[in-house]
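Before any comments, here is the structure.
Quick note: the coordinates plus some simple rules give every number you see, no bench work behind them. Source: prediction; values computed, not measured. A quick note on method: Cβ atoms are made from the backbone with ideal geometry, for glycine too, and the neighbour counts reach across all protein chains shown.
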Amino acid sequence: MTELVLQALYSGLLQGGSYALIALGLALVFGAMKVINLAHGELVLLSAYVAYSVESGLGWNPIFAIPIALVVVCLSSVMVYFVVGRIKKDREINSLILTYGIGVILTNLILLIWKADVRSTGSTWMQEAIVVGPFYSMRSEVLFFVVSLVMMGGLWWWLSRSWYGRAVRAVSSNRDAAKLMGIDPGYTELVSFVVAGILAAVAGVALFSYGVVSPAYGSVLTVKAFIITVLAGIGSIPGVLIGAVLLGVAEALTVTLASSALQELVGMGLFLLVLFVMPSGLFGAKGRRG
Amino acid sequence: MKPNKTIIVMLLAVYIAVPLAFGRDNYVMSLVVASMVIGGIALSWALLGNLGGMVSFGHAAFFGVGAYASAILSMKFGVPVLVSILLGGVGAVVASLAMLPVLRLRGPYFALAILAYAHIFRILATQWTSVTGGSGGLSNIPRLPEIFGYDLSSKTGGYLVILTIVLVFAAIYQYIRCSNYGLALRAMHESEDATRVVGVNSTLLKGLMLLVSAFMCGVVGAFNAHYINFLEPDYAFSGLWVTIPIVAAIFGGYRTITGPIVGAVVVYLVDQLVFKSIIPSGHQLVLGVLLVAMIIFSPDGLLSLLRKLTRRAHVAA
């Protein structure tokens, strides 16, 4: 029993890596533009299906799908940006409905192109077992956990050291002041959508490499990303990683100890608990309460 | 709203002319009933959006809970169908009570949280097999009864019931909008902080709107369960119950009362008769495109777009 629990903790930890990438993308766009992109999960899913096509069509390892997925997802993300930018009034409400509509479009496009079947990788290289001490996992899980850690490190460096990253943070903390410092908010919004697209593309390939995907999975991913940002509180990369690992672990434990059908419920349970007990998130955030 | 001639003529038309014209054609009648079901959801969604200022992506939860509550009450406890439909609405209200903590969240957070809730109820309905029959679903749900010798379980009977439900809801909506609460809610739309300062409990009012909206949606779901006599989780909690009503409400203009209902009839019929025959699976794609286009070009509905266009033509002439 203890072994099973430890194993679940380990799998949950590895799963947390890609969850964190998805949540960071959602949070980044929200920070820069005050828009929740409800189609974010569908962008991740799009990348997963690109990986499927590359694997089944060209016979390549899914990891080589990353460059193609990057192009496809970043272009889609930029398109979302331009469409959202066309909203003239009541941006808060209308952007939600708009991105919801984009999510519906993407889900059905995926359904039309790739059909409703559940897809997963057939690559044996990805599925090979890797044993670390008492823990088992697939090679893809470890690989993408490391990749997501590296990407988070990169994101942290970008946000805190590079000019554009700092511009994005400046715009999210005070738009008018940032303008006065000569930052073009429109441009930083575009940049944040591109970076969110990069994160989503990698996360999507990761999901395909160690899990299963189906067209309806997109909105589930958006909800998960949202739960993580509520757990973590928007604003800190380590916070998001911890929130993501927490969700991953909780899900893995539920699957091990109860049933895989209840996997989604546990995330919601965590979410409600945090909402009641610590309304500003585990790592503090402001501006969320009404 | 004065009970003037137009309204009486309209009522006569929808109550008498529609059944007379299409009553013989079961296919057309079932499409009309389905479009009214969508209209009822769209109305309850628009009430929450317009009066409460909240965008809900979770109305499938209310619809499904209402449907299940009513079906189970009438099947296992022998509650008369017309009563259990109302109790289905109450069931949806109880479900919405679980969402009240979410009201502490603002704008986008509320929308996402309520999206998440819809998933929960679907999982519950699938897993709680002893009560809901699990993914196999419930069949032989009692039909709508006979009243004064008239069989409501026929297509035309179902039409009259759902029409009455939707019209009563529209009247309730209108009543709320004209009441003092409506005034406060409209003020909240302008500035929530300012409204609070003058002593309006804005969270309470928003909560009440959520309950009213949930009740309406639950009743519509309950009606639908008894009308089609069958329920399964993926159907009752389907995302379609969210997407089509939103498109309908936006299309017809979600800040009006008639807009969502008319929008639902138009959007649903066009979707079923035109889009579905062109793209059998994934015809929701067109709905998504429609939604995006409406938000960009005319977020207040098609009517205001037409008005804008005619004005422009007028100026040009």
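Coupling constants for segment A:23-35 follow from the phi torsions by the Karplus curve (6.51 cos²θ - 1.76 cosθ + 1.60, θ = phi - 60°), and in residue order they are 5, 5, x, 4, 5, 4, 5, 5, x, 6, 10, 6, 10 Hz; glycine and proline get x.
I want to verify a result. In a Gaussian network model of chain B, Cα cutoff 10 Å, which of these has the top mean-square fluctuation: B:LEU231, B:LEU87, B:LEU183? Maximum fluctuation in the GNM of chain B, among the listed residues, is at B:LEU183.
The phi-based Karplus calculation (6.51 cos²θ - 1.76 cosθ + 1.60; θ = phi - 60°) puts the 3J(HN,Hα) values of segment B:185-195 at 5, 5, 5, 4, 5, 6, 8, 5, 5, 4, 5 Hz, whole numbers, x for Gly and Pro.
Summing +1 for each Lys or Arg and -1 for each Asp or Glu among the other residues whose beta-carbon sits under 15 angstrom from that of B:GLY182 gives +3.
Based on the mean of other beta carbon atoms within 10 Å per residue, what is the order of B:266-273, A:74-81, most packed first?
Working: B:266-273: 18.0, A:74-81: 19.9.
Packing proxy ranking, top to bottom: A:74-81, B:266-273.
Peptide A:82-94 has a mean shielding of 4, counted as Cβ atoms of other protein chains within 10 Å of each residue's Cβ.
Find how many whole Å separate the alpha carbon centroid of segment A:264-278 from the alpha carbon centroid of segment A:153-185. For segment A:153-185 versus segment A:264-278, the Cα centre distance is 32 Å. Annotation: amide H-H contacts under 5 Å for A:THR121 (H modelled 1.01 Å from N, sequence separation of 5 or more, or interchain): A:GLY211.
Among B:ILE295, B:ILE257, B:ILE72, the largest mean-square fluctuation in a Gaussian network model of chain B, built with springs joining Cα atoms closer than 10 Å, belongs to B:ILE295. Mean silhouette area of segment A:140-212, derived from the convex hull of its C-alpha atoms and averaged over all directions, reads 5.1 nm².
In a solvent-free Debye calculation with one equal scatterer on each Cα, what is log10 I(q)/I(0) for chain B at q = 0.09, 0.11 Å⁻¹, listed in the order of the q values? Evaluating at q = 0.09, 0.11 Å⁻¹ gives log10 I(q)/I(0) of -0.46, -0.70. In this label model, A:ALA116 and B:VAL198 are separated by 5.2 nm, measuring between points 7 Å along each Cα→Cβ vector. Each peptide in A:207-214, B:204-211 was scored by the mean count of other Cβ atoms within 10 Å over its residues; highest first, the order is A:207-214, B:204-211.
Counting Cβ atoms of other protein chains within 10 Å of each Cβ in B:277-284 and taking the mean gives 3.
When you count the other C-beta atoms within 10 angstrom of each residue and take the mean per peptide, A:129-136, B:191-198 line up highest first as B:191-198, A:129-136. Rounded to the nearest 10 degrees, the angle from helix A:237-257 to the longest Cα principal axis of chain A is 30 degrees. Computed as a quarter of the hull surface, the mean projected area of the alpha carbon convex hull for the protein assembly as shown stands at 31.3 nm². Calculated FRET efficiency, B:HIS189 to B:ALA98, Cβ-Cβ distance, R0 = 35 Å: about 0.85 to the nearest 0.05. Rounded to whole numbers, the Karplus 3J(HN,Hα) couplings from phi for segment A:161-168 are 10, 7, 5, 5, x, 5, 5, 4 Hz, using 6.51 cos²θ - 1.76 cosθ + 1.60 with θ = phi - 60°, and x at Gly and Pro.
Quick one: Cα centre-to-centre distance for segment A:189-255 and segment B:264-317, in angstrom? So the two Cα centres are separated by 34 Å.
Rounded to the nearest 0.05, what FRET efficiency is calculated for B:LYS5 and B:SER135 with R0 set to 51 Å and r the Cβ-Cβ distance?
Working: r = 52 Å, r/R0 = 1.01.
The pair B:LYS5/B:SER135 has a calculated efficiency of 0.50.
Near B:LEU105, the amide H atoms lying under 5 Å from its own belong to A:GLY290; only residues 5 or more places off or on other chains count, and H is placed 1.01 Å from N.
Sort A:LYS224, A:LYS34 by Cβ crowding within 10 Å, fewest neighbours at the top. Can you show the working numbers first?
On the way: A:LYS224 24, A:LYS34 17.
Ascending Cβ contact count within 10 Å gives the list A:LYS34, A:LYS224.
Residues A:TRP158, A:TRP163 in ascending order of nearby Cβ atoms (within 10 Å, fewest first): A:TRP163, A:TRP158. For the options B:ALA236, B:ALA17, B:ALA95, a Gaussian network treatment of chain B with springs between C-alpha atoms closer than 10 Å singles out B:ALA17 as fluctuating the most.
Site pair A:THR124 and B:THR258 shows an inter-label distance of 6.9 nm when each label is modelled 7 Å from Cα along Cα→Cβ. Within the straight-line cut-off of under 18 Å between alpha carbons, the aspartates and glutamates reachable from A:LYS179 are A:GLU189, sequence neighbours fewer than 8 places apart in one chain being disregarded. The share of Cα pairs per 5 Å bin across segment B:120-239, counted from zero up to the longest distance, runs 2, 10, 14, 15, 13, 13, 12, 10, 7, 4, 1, 0 percent.
If you wrap a convex hull around the Cα atoms of segment A:7-69, how much volume per residue is inside, in Å³? All intermediate terms of the calculation are to be shown ahead of the outcome.
Values: hull volume 6.7 nm³, N = 63.
Spread over its residues, the Cα hull of segment A:7-69 gives 107 Å³ apiece.
The Cα atoms of segment A:196-252 cover 29, 26, 18 Å along the three principal axes, with the biggest extent listed first.
The value given for segment A:2-277 is a Kirkwood hydrodynamic radius of 19.0 Å, derived from the mean inverse Cα-Cα separation. Segment A:1-76 and segment B:107-136 have Cα centres lying 24 Å from one another.
What pairs in A:LYS88/B:LYS308; B:LYS5/B:LYS155; B:LYS76/B:LYS206; B:LYS5/B:LYS308 have C-alpha atoms more than 26 Å from each other? In this structure, B:LYS5/B:LYS155; B:LYS76/B:LYS206; B:LYS5/B:LYS308 exceed 26 Å between Cα atoms. Put simply, the Cα atoms of segment B:1-154 extend 47, 40, 26 Å along their principal axes, the longest span coming first. For segment A:2-277, a simple Cβ point-charge model (Lys and Arg +1, Asp and Glu -1, everything else neutral) yields a dipole of about 780 debye relative to the Cα centre.
Evaluate the relative contact order of chain A (contact order divided by residue number), counting alpha-carbon pairs under 8 angstrom at least 6 apart; express in whole percent.
On the way: 466 pairs, mean separation 103.1, N = 290.
Relative contact order for chain A comes out at 36 percent.
Percent of alpha carbon pairs in segment A:226-272 separated by more than 13 Å? Numbers along the way, then the final one.
Numbers: 550 of 1081 pairs.
Looking at segment A:226-272, the distances longer than 13 Å represent 51 percent of pairs.
Taken residue by residue and averaged, Cβ atoms of other chains lying within 10 Å of the Cβ of B:45-58 number 2.
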